[in-house]
1. Scan segment 93-112 and tell me whether some residue there is touching a helix residue (DSSP H, G or I) at 6+ places or on another chain (Cβ under 7 Å), in the same structural domain as residue 9 (by TED's automatic domain parsing) and closer than 16 Å to residue 19 by Cβ.
2. Would you mind finding the one in 253, 239 that is at pLDDT below 85 and either under 17 Å from residue 397 (Cα atoms) or part of a helix (DSSP H, G or I) (or both)?
3. In this structure, is residue 383 surrounded by fewer than 17 Cβ atoms within 10 Å (Cβ to Cβ) and in contact with a strand residue (DSSP E or B) (Cβ under 8 Å, 6 or more places away or on another chain)?
4. Would you mind telling me which numbered condition in (1) modelled with pLDDT of 95 or more; (2) farther than 13 Å from residue 91 by Cβ residue 62 fails?
5. Of everything in segment 271-280 that's without any contact (Cβ under 8 Å) to a residue 40 or more places away in the chain and under 29 Å from residue 323 (Cβ atoms), which residue is surrounded by the most Cβ atoms within 10 Å (Cβ to Cβ)?
6. Filtering segment 292-315 down to residues that are touching a residue at least 24 places away in the same chain (Cβ under 8 Å) and under 25 Å from the mean Cα position of the chain (by Cα), which residue is surrounded by the most Cβ atoms within 10 Å (Cβ to Cβ)?
7. Any idea which of 340, 322 is part of a helix (DSSP H, G or I) and either touching a helix residue (DSSP H, G or I) at 6+ places or on another chain (Cβ under 8 Å) or in contact (Cβ under 8 Å) with a residue 12 or more places away in the chain (or both)?
8. Residue 82 passes all but one of (1) more than 21 Å from residue 22 (Cβ to Cβ); (2) surrounded by fewer than 19 Cβ atoms within 10 Å (Cβ to Cβ); (3) at pLDDT 95 or above; which number fails?
């Protein structure tokens, strides 16, 4: 009552409500009734331990609405059984009209209810007015990735609605069906949540996959073009070497454009050298420093740059950018989002062939993935980095000298 008098809108969080209800339903209901009658605008039912299942949530919230009107009830779920989103939707179905959660499900232990999944489900699946407009909903993917970028963590590629794989299609029959009617394998339109359809290409892909991918990236290719067959053969040959284009769409696009219409030579590498030095610092700490020297041609100009980094790949990236940003300032807003290394021939020990996948992003929220394969992890990293930078410049319509 005091809170309501001072603020005008008091919120009562009923911590451990669902566990309390299971132990003593009468007492739990008396608690929330007392809070409501004392002037609480919102009485929030909390699944604090995250162990309640959707059918229980719906039943118990239904009981709560007999004592507190639904338009005064909220729900607060944790994800300890991977049901926080389902529990929140069940509570709404039972009458609750406030949902608490976090962007991307951030929170203690296993996380909180993910608003990035809840909001489109309420709007597109259940028909509720959430206060979010359709135009704002179309920025959902950008919002999710913006937060991950600020937290310096890789986005969840499998995230519902906003993940890179949420609208990705690989099988030939799937792609053919999507081309005829997207509803066959897409439950909502990607554009509704600011995402995009991705047609994946691999050694399992047929001609229809490749043509569909071309349409997605704006390449107008005649299906009878003889270069198309050669491109498919090259994709299969490269995948036999360890490439995996179903997870590196940007590298595939560059490969296809080079085969069919050409890609500008934004820069040409002459050589690079990377050195690591492990030594004791003046403070007595054991440190390892990486330094890269790179020689690169941009048009008729020759550049040689040196840079240090947190490891050899970072040093190489820094040295390359040091040379390129003077000519291509648009690279200033490009950053590494994720870096993955996979050993393709583990039986070969330290001589194993490695696959490097780099995910990059820019200030516009765009994400793209590139790949490099080599027995030398630094060489594989450079190949993936070269594609990442080239793709960024191509997307930004940069002019090669």
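The values are calculated or read from the model by the stated rules, or taken from the named source; none is laboratory data. This is a predicted model, so every value here is computed, not measured. For neighbour counting, all protein chains shown are included, and Cβ atoms are generated from backbone atoms with ideal geometry for every residue, glycine included.
1. no
2. Working: 253 fails: at pLDDT below 85.
Going through 253, 239 in turn, just one is at pLDDT below 85 and either under 17 Å from residue 397 (Cα atoms) or part of a helix (DSSP H, G or I) (or both): 239.
3. On the way: surrounded by fewer than 17 Cβ atoms within 10 Å (Cβ to Cβ): no; in contact with a strand residue (DSSP E or B) (Cβ under 8 Å, 6 or more places away or on another chain): yes.
So residue 383 fails the test.
4. Tallying (1) modelled with pLDDT of 95 or more; (2) farther than 13 Å from residue 91 by Cβ, residue 62 fails exactly one: (2).
5. So the residue we want is 273.
6. My answer is 313.
7. Result: 322 is the single residue among 340, 322 that is part of a helix (DSSP H, G or I) and either touching a helix residue (DSSP H, G or I) at 6+ places or on another chain (Cβ under 8 Å) or in contact (Cβ under 8 Å) with a residue 12 or more places away in the chain (or both).
8. Among (1) more than 21 Å from residue 22 (Cβ to Cβ); (2) surrounded by fewer than 19 Cβ atoms within 10 Å (Cβ to Cβ); (3) at pLDDT 95 or above, the lone unmet condition for residue 82 is (1).
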